[in-house]
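Taking it in order: structure first as structure tokens, then the write-up.
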Amino acid sequence: MQRVSDNYRKLRNTLRFLLGNIHDFNPATDAIAFANLQPLDQYILARTAELDAKIRAAYDSFEFHRAYHALNEYVNTDLSALYLDVLKDRLYTFAPNHPGRRSAQTALWRIAETLTRLIAPILSFTADEVWALLPKVENRESSVHLAHFPAMSEIIPVTTRKLEEDFDHLLTLRDEVLKVLEEERTAKTISNKPSETQIVLGWLNTLAEQPNPVFEQYKSILPELFGVAQVEISNAIITEGTVEKGAFYVQAKPAAGSKCERCWRFTEDVGHEANYPTVCLRCAEALEAIHFPPYDAPPSNTTESQA
């Protein structure tokens, strides 16, 4: 019973996280088309569509325990251990209307819609609670128990086989990077904070192995995926401070630049915006977008104002 209680609490907290991060999201005006979502957001929706198929098949054969296990595995493995863990930087530090943040919110909204409908037969009251708090959609049914299960086309409108194959490679690489980070932290050669670390990736100089083009193709999302400040893909042969992982090597070292006061990443563009001298350019743009006053603006004199 304790294990079941813990699993339910985990699911409930996950649903709270989803709802909390789409509080300012209006599907009618803010949702982004699947083709324009960031790759990680597309991937998690592909995994959500796979969950939808598994649970619907379990319900059709009255194997409710299979639905429960599939749901539990998805929440713990795909969401908590991966997607929600790496998504926080985009959600918390990007400007409210930044395409990267809206892309993440679109995925979170579709996940919340899917999960709420799928859990309705086995967690009726929880599904009702969440349904009342989801972003309003025109012509929505008054109760989740009057709504259909989501169609596959609602979650992913196109085939995603190539994307999933690419992420199989990327997530294998991520597992190896996380191992190296833990080993280097234990050895105290890098900081305990991944946001202060740079990862260097390269390939072993063998005739049989060639660089994996997937890593270069998705280079822009690797820092987010690994949770580090910077990722460099190198063609040089590095022998010291590296860990060989099959056809490639991984090196962890202190990141270049200085720490952004707002997002805590180490970057080389901190202070490039005069109005916000202690933050990176990305955060400076976010502060401008939310009309945050420049740091050097004179504080208001409350006493004089009242006088």
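Remark on GLY202: its backbone amide H falls under 5 Å from those of SER234, TYR249, a criterion applied only to residues 5 or more positions apart or on other chains, H modelled at 1.01 Å from N. Using a probe of 1.4 angstrom and keeping all protein chains present, the accessible surface of the chain works out to 54 square angstrom per residue. The charge dipole of segment 2-48, taken about its Cα centre with unit charges on the Cβ atoms of Lys, Arg (+1), Asp and Glu (-1) only, comes to about 400 debye. For segment 1-115, the gyration tensor built on C-alpha atoms gives a prolate shape. Its axis ratio a/c (a ≥ b ≥ c) is at least 1.5, and a/b is the larger of a/b and b/c. Here the Karplus relation 6.51 cos²θ - 1.76 cosθ + 1.60, evaluated at θ = phi - 60°, turns the backbone of segment 34-43 into coupling constants of 3, 5, 9, 6, 5, x, 5, 5, 5, 5 Hz, with x for every Gly and Pro. Summing charges over neighbours of GLU285, with a neighbour being any other residue whose Cβ is under 13 Å away from its Cβ, gives 0 when K and R count +1 and D and E count -1.
Packing, as the average of other Cβ atoms within 10 Å across residues, places the peptides 166-172, 62-68, 138-144 in the order 166-172, 62-68, 138-144, highest first.
Restricting the calculation to Cα atoms, every distinct pair contributes to the Kirkwood radius of segment 92-146, found to be 12.4 Å.
For VAL4, the solvent-accessible surface with a 1.4 Å probe is about 80 Å², rounded to the nearest 10. Most tightly packed first, judged by the mean number of other beta-carbon atoms within 10 Å of their residues, the peptides 254-260, 112-118 read 112-118, 254-260. For LYS162, list the lysines whose Cα falls under 25 Å from its own Cα; do not include residues on the same chain fewer than 8 positions away. Hits, sequence-local ones excluded: LYS54, LYS219, LYS245.
Maximal additional length on extending the LYS10-LEU178 stretch stands at 58.1 nm, based on 0.36 nm per residue less the C-alpha distance. Packing, taken as the mean count of other beta carbons within 10 Å per residue, orders the peptides 86-98, 42-54 from highest to lowest as 42-54, 86-98. Computed in the context of the full set of protein chains, the accessible area of the chain at 1.4 Å probe radius has 53% of its extent on carbon or sulfur. Assign one of three labels to the chain, namely rounded, prolate or oblate, based on the Cα gyration tensor with a ≥ b ≥ c the square roots of its eigenvalues; rounded applies when a/c is under 1.5, prolate when it is not and a/b is larger than b/c, and oblate otherwise. In terms of gyration-tensor shape, oblate.
Shape analysis of segment 17-64 places it in the prolate category; the axes a ≥ b ≥ c from the Cα gyration tensor give an a/c of at least 1.5, with a/b above b/c. The slack in the chain from LYS193 to ILE290, taken as 0.36 nm per residue of separation less the alpha-carbon distance, amounts to 32.1 nm. Label sites at SER258 and GLU73, each approximated as a point 7 angstrom past Cα along Cα to Cβ, lie 4.9 nm apart.
For segment 1-152, a simple Cβ point-charge model (Lys and Arg +1, Asp and Glu -1, everything else neutral) yields a dipole of about 220 debye relative to the Cα centre. For the pair segment 1-71 / segment 78-118, the C-alpha centres are spaced 11 Å from each other. Farthest toward the positive end of the dipole of the chain, out of ALA256, TYR43, PHE149, is the Cα of PHE149, where the dipole comes from beta carbon charges about the Cα centre.
The values are calculated or read from the model by the stated rules, or taken from the named source; none is laboratory data. Source: prediction; values computed, not measured. In this analysis, Cβ positions are derived from the backbone assuming ideal geometry, glycine residues included, and neighbour counts consider all displayed protein chains. Quick note on the areas: whole protein, heavy atoms, side chains included, nothing else; ligands and nucleic acids left out. Shrake-Rupley method; radii C 1.70, N 1.55, O 1.52, S 1.80 Å.
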